[in-house]
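Chemist: The structure follows.
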Amino acid sequence: MIPAETTPPAAEGFSLTIRARNKDAWDAMVGHRFVQDVRADRLPDAVFQRYLRYEHAFVETAVTVFAQALAKASTTDQRRRLATVLHGLVFDQIDYFEAVFRDLRMAPTDEAGASLPDGAKGLRDGALALAANGSLPEILAGMLAAEWAYETWCTEASSHPISHPSLKAWVDLHVGGAFAEQVVWLRAEIDAAALTASPALLTAMETAFRRTLELELPFHDAPYR
Ligand SMILES: Cc1ncc(C[n+]2csc(CCO)c2C)c(N)n1
């Protein structure tokens with residue numbers, strides 16, 4: 001009998017595979033000008049304030065996306081995890097925006113998002129279409145790209161000094177704790193789904209992952225106008 005210790009390691013998970021295969025889009029996002037400016041502590045205030053408006057609208061979008069993911073979930077574990085994500089969005093993240101708009105004396109955002117620039121609308125519309133039309137693994141693959149990229153660049157940026165307290169707080173919301181656990185869970189879901197997925201579903205998951213990264217780029221260009 002072959003001892004358990006000699007069992008070959010499991011093949012690399014699908015989450016790492018799709019990240020590696022889409023390294024160009026991944027690197028463009030985690031190395032975006034916006035990310036470089038945060039890391040170098042030189043993000044102009046006007047850019048940060050425009051970004052905050054687009055982000056506030058994006059968090060509202062993410063609530064709809066995760067609500068549709070929850071509606072498509074099939075296990076209690078998935079429903080609990082997705083309810084936890086929704087809790088984080090409607091409490092922690094929305095609280096952050098209310099506090100920051102107050103601190104920076106910014107007027108409240110128009111809820112309908114009619115004034116959003118094309119880059120912010122593109123990510124919103126892409127995410128909403130994925131949530132409406134995609135299966136659960138596709139939706140989660142798209143959201144994994146968005147969350148994993150943020151976890152990666154925010155973790156790196158948080159080791160540098162960030163003098164604007166509201167920007168520091170925003171970066172820290174995406175480092176460790178509940179947010180990091182969410183990324184671990186999303187990766188585990190994608191890795192598990194891939195083990196039994198048809199070739200068509202594998203392609204659809206990878207497309208959602210890549211497309212989301214591609215839509216993140218103009219979103220982060222937009223506040224520079
Ligand atoms: C443009 C943009 N892309 C990704 C994130 C990262 N992120 C933080 S919360 C959340 C949704 C569910 O938790 C996502 C995707 C962001 N904030 N803004």
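Nothing in this text is a laboratory measurement; each read-out follows from the coordinates by a stated rule. Values in this document were obtained by computation on a predicted structure and should not be read as measured data. So basically every Cβ, Gly included, is an ideal-geometry build from the backbone, and we count neighbours across all protein chains shown.
Chemist: Give the peptides 72-81, 162-171, 209-218 in descending order of average Cβ contacts within 10 Å, highest first.
Modeler: 209-218, 162-171, 72-81
Chemist: Could you sort the peptides 52-64, 82-94 by per-residue average Cβ neighbour count (10 Å cutoff), highest mean leading?
Modeler: Working: 52-64: 19.8, 82-94: 16.5.
Taking the mean over residues of other Cβ atoms within 10 Å, the ranking is 52-64, 82-94.
Chemist: Hey, what D do you get for the stretch 12-224 in µm²/s if you plug the Kirkwood alpha-carbon radius into Stokes-Einstein at 20 °C and 1.002 mPa s?
Modeler: Translational D for this selection: 122 µm²/s.
Chemist: So what's the back-of-envelope 222 nm ellipticity for the chain, counting only DSSP H runs of four-plus at -39500 (n - 2.57) apiece and dividing by all residues, rounded to 500?
Modeler: For the chain, the value works out to -23500 deg cm²/dmol.
Chemist: With no solvent and one equal point scatterer per Cα, compute the Debye intensity ratio I(q)/I(0) for the stretch 117-225 at 0.10, 0.13, 0.14, 0.23 Å⁻¹ and report its log10, rounded to two decimals.
Modeler: Summing over Cα pairs of the stretch 117-225 leads to -0.33, -0.55, -0.63, -1.25.
Chemist: Hey, can you rank 98-107, 30-39, 135-144 by average C-beta count inside 10 Å, highest first?
Modeler: On the way: 98-107: 12.2, 30-39: 17.9, 135-144: 24.5.
Packing proxy ranking, top to bottom: 135-144, 30-39, 98-107.
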